[in-house]
Amino acid sequence: MQACGNLEVVQETTPDSFKNLDIAIFSAGSQNTEIFAEAALKNDCVVIDNSSAFRMDKDVPLVIPEINGDALESHKGIIANPNCSTAVALMGLFPLHKRFGLKRFLDSLIDSNLEQILRVAMHLQLTNQGLSLHGR
């Protein structure tokens, strides 16, 4: 395929695809992440996962670099990130919390992002700073 004036070869992802890679960005759904994450780890390739596969895993840091980039230091080969609407919401809420001590946030997104927002809030230790989402 042509990309930026170059002829690029697109190949099927296999467990061998991660040899000699430092980082792989996974964004092809949680099923594919679950299939290929272990192969990436076996090849010392760090996985940055954009699917929901690891978002609720307590051993995988859930990172918004502008908010908790220091959590990257604790990764064990996999880094999760929240979906786009959660990341955008927290990018606006976190500075408000830091400045004014946000006490409660009511989420009314159409899909089920509340669990992800709660996980991010816990991970960022906002609850230790007085943040309470939906009174929980």
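The table below gives the values:
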read-out: Taking Thr33, Thr14, Thr86 and counting other C-beta atoms within 10 Å, the order from fewest to most; value: Thr14, Thr33, Thr86
read-out: Size of segment 58-110 as Cα extents on the principal axes (Å, biggest first); value: 33, 28, 17
read-out: Amide hydrogen neighbours beyond the local backbone of Ile79, cut-off 5 Å, H modeled; value: Val47, Ile48, Asp49
read-out: Ascending count of other beta-carbon atoms within 10 Å, so fewest first, for Ser52, Ser74; value: Ser74, Ser52
read-out: At most 13 other Cβ within 10 Å, DSSP loop - chymotrypsin sites (Phe, Trp or Tyr not before Pro), segment 1-59; value: none
read-out: Per-residue ³J(HN,Hα) for segment 17-28, Karplus 6.51 cos²θ - 1.76 cosθ + 1.60, θ = phi - 60°, Hz, x for Gly and Pro; value: 5, 9, 5, 6, 9, 8, 9, 10, 9, 9, 8, 10
read-out: 22 Å Cα-Cα reach of Lys19 towards lysines, excluding residues that sit fewer than 8 places from it in its own chain; value: Lys42, Lys76
read-out: Two-site label geometry, Ser17 and Glu66: point separation in nm, points 7 Å out along Cα→Cβ; value: 3.0 nm
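Here, each number is a calculation from the coordinates, and none is a lab measurement. Just so it is clear, the model here is predicted, and its values are computed rather than measured. All Cβ positions, glycine included, derive from the backbone under ideal geometry; neighbour counts span all protein chains shown.
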